[in-house]
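Worksheet for the structure shown next.
The values are calculated or read from the model by the stated rules, or taken from the named source; none is laboratory data. Keep in mind that this is a model prediction, so the values were computed, not measured. Cβ atoms come from the backbone with ideal geometry, glycine included; neighbour counts cover every protein chain shown. Side chains are part of the model used for accessible areas, which takes the heavy atoms of the whole protein and leaves out ligands, DNA and RNA. Shrake-Rupley method; radii C 1.70, N 1.55, O 1.52, S 1.80 Å.
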Amino acid sequence: MKNKHLVFIFLFTLVAGLLARRLPWRMSEIFQTDLIGVDTSALQSISIKRFNKPEMLLERTDAGWVADQYGRPVQVPEGEAQAMLEALSNVQTLRIVKTKRPDTLGLYDAISVQLHGNDDRQDEFHIGKQTMEKGAPATYVELKNHEGIYLVKNHLRDIFDKTVEQFRTKTAVRFVPQSISGISFFWQKQDSVLFWNRNDSTSLWEYGTVTQPDDSVQQWLHLLSRLNGGPFADHFDDSRARETLVTTITLKDRSDSTPLELRFYYFAPPEIPDDPSDLRTGGEGFSDWVLQSSLNPHNYFCINDTALLRRILYGLSR
C-alpha cells in the first residue's frame, strides 16, 4: 500500500474520531428512523402530564382503554385510543435539532408521555411545539436520558394534548325502539319487578293480564332518548349507590344482545355537599335525581326534568 493511501486512511480515521467525540449521539442514533420503537400491543398504561395540570393515566382493560384524571374513570373512545397507539408506533425522525434555546421549541412546557409495558419496560418522551418541515407537519420531541432534541414526522401535540373531559360523552341511551322485546322495572325498596313482554302475534305488550298497545309503548321508548345530553353529576357519591338506588329499567333486545340498564338514584337535598369547592373538577351541576347507564357506566348524569322522569318511571304502570 502506498504511503499516500496510508496518510488518507489516517486522516479519515482522525476526522471520524473527532466527530464521534463532539457529537452527543451515537452514529446509529443519528440515522435512527423509528425513534421510540414501542410495541403498542404490549402497552399497559400511558401517563400524560401537562404543565399545571393533574396527571392523566390511561390504562388498558378488557373493555378497552380507561382514563383517570380526577379520581373517576372514563372510557376512552376507541378512535382516540387508536390514534394515540398509531402515533406511538410511528414516531419517525426527520433530523436532530441543535439548539441552546429549547424554550423556543416548546420544551419548557412540554407534554410528558410515559409508557409502561407488560414486561416492566418504561419509555418517556417530551412533546414540544408543532411546526412544518418542507410543507409537512412535524413536532419537536425530546427523549428522556437522551442528549438530543429531534424533529419527528406528524403533529403529535394535538393527539396527546388531552384531558379526561374530552373523553366523556353525554350519551346514556342508544337503541332501536322497534327492536325492544322486553322491558323490566326493578323497584329497590319494594324489592319488586314489573316485566312487560311484547307478544309478536298480537302486537300487544303484556304484564300478567294487563296489556298495552304497541304504539303507546313505542312512545314511551322514545322518551328515553331525551335522557341524553344531561349535565354530568360529579357530585354523586357512588359508594352510596346501593342505598340511593330507586329504580332499574332494563331493555331487552330481540336480537339477544346485551340488555341496556338504566339506574335511577335519588339524593335527598341535605345529602348534596354544602361546599361546591369540594366537588371534583369538571362537575356541571346538582340534581336530586341521578342517572347511570350501562352504555356509559363511568359517568353519572343529572336529571332536572322531573316531569319527564315521572313519565319514564310511571308511564307504563298506569
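In table form, for the structure just shown:
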| quantity | calculated |
| --- | --- |
| Residue in the stretch 100-111 that is on the phi < 0 side of the Ramachandran plot, out of contact with any strand residue (DSSP E or B) (no Cβ under 9 Å at 6 or more places or on another chain) and in contact (Cβ under 8 Å) with a residue 12 or more places away in the chain present | no |
| Hits in the stretch 205-255 - residues which are assigned to a helix (DSSP H, G or I), open to solvent by 20 Å² or more (accessible area, probe 1.4 Å) and either in contact with a Pro (Cβ under 8 Å, 6 or more places away or on another chain) or within 19 Å of ARG310 (Cβ to Cβ) (or both) | SER216, GLN218, GLN219, HIS222, SER225, ARG226 |
| Selected residue (only one of ASP237, ASP215, ASP200 is among the charged types (D, E, K, R) and touching a helix residue (DSSP H, G or I) at 6+ places or on another chain (Cβ under 9 Å)) | ASP237 |
| Any hit, the stretch 152-159, residues being in contact with a helix residue (DSSP H, G or I) (Cβ under 9 Å, 6 or more places away or on another chain), β-branched (Val, Ile, Thr) and under 26 Å from PRO297 (Cα atoms) | yes |
| Flag if GLN218 is more than 37 Å from the chain's Cα centre (by Cα), more than 15 Å from LEU291 (Cα to Cα) and touching a residue at least 40 places away in the same chain (Cβ under 8 Å) | no |
| Residues within the stretch 108-128 that are of a type in the set (Ser, Thr, Tyr) and open to solvent by less than 80 Å² (accessible area, probe 1.4 Å), tallied | 1 |
| Selected residue [touching an Asp or Glu at 6+ places or on another chain (Cβ under 6 Å) and at pLDDT 90 or above] from VAL97, VAL66 | VAL66 |
| Residue, nearest to PHE167 (Cα to Cα), within the stretch 60-79, restricted to residues that are among the charged types (D, E, K, R) and either surrounded by 17 or more Cβ atoms within 10 Å (Cβ to Cβ) or more than 10 Å from the chain's Cα centre (by Cα) (or both) | ARG72 |
| Number of the exception - GLN92 against (1) farther than 20 Å from ARG50 by Cα; (2) surrounded by fewer than 19 Cβ atoms within 10 Å (Cβ to Cβ); (3) in contact with a Lys or Arg (Cβ under 8 Å, 6 or more places away or on another chain); (4) at pLDDT 95 or above | (4) |
| Residue list for the stretch 286-313, filter: under 28 Å from the mean Cα position of the chain (by Cα), open to solvent by less than 60 Å² (accessible area, probe 1.4 Å) and either aromatic (Phe, Trp, Tyr) or under 18 Å from SER184 (Cα atoms) (or both) | TRP289, LEU291, GLN292, SER293, SER294, TYR300, PHE301 |
| Lone qualifier among THR139, THR131, THR104, THR171 - being surrounded by fewer than 19 Cβ atoms within 10 Å (Cβ to Cβ), within 28 Å of ASP68 (Cα to Cα) and β-branched (Val, Ile, Thr) | THR171 |
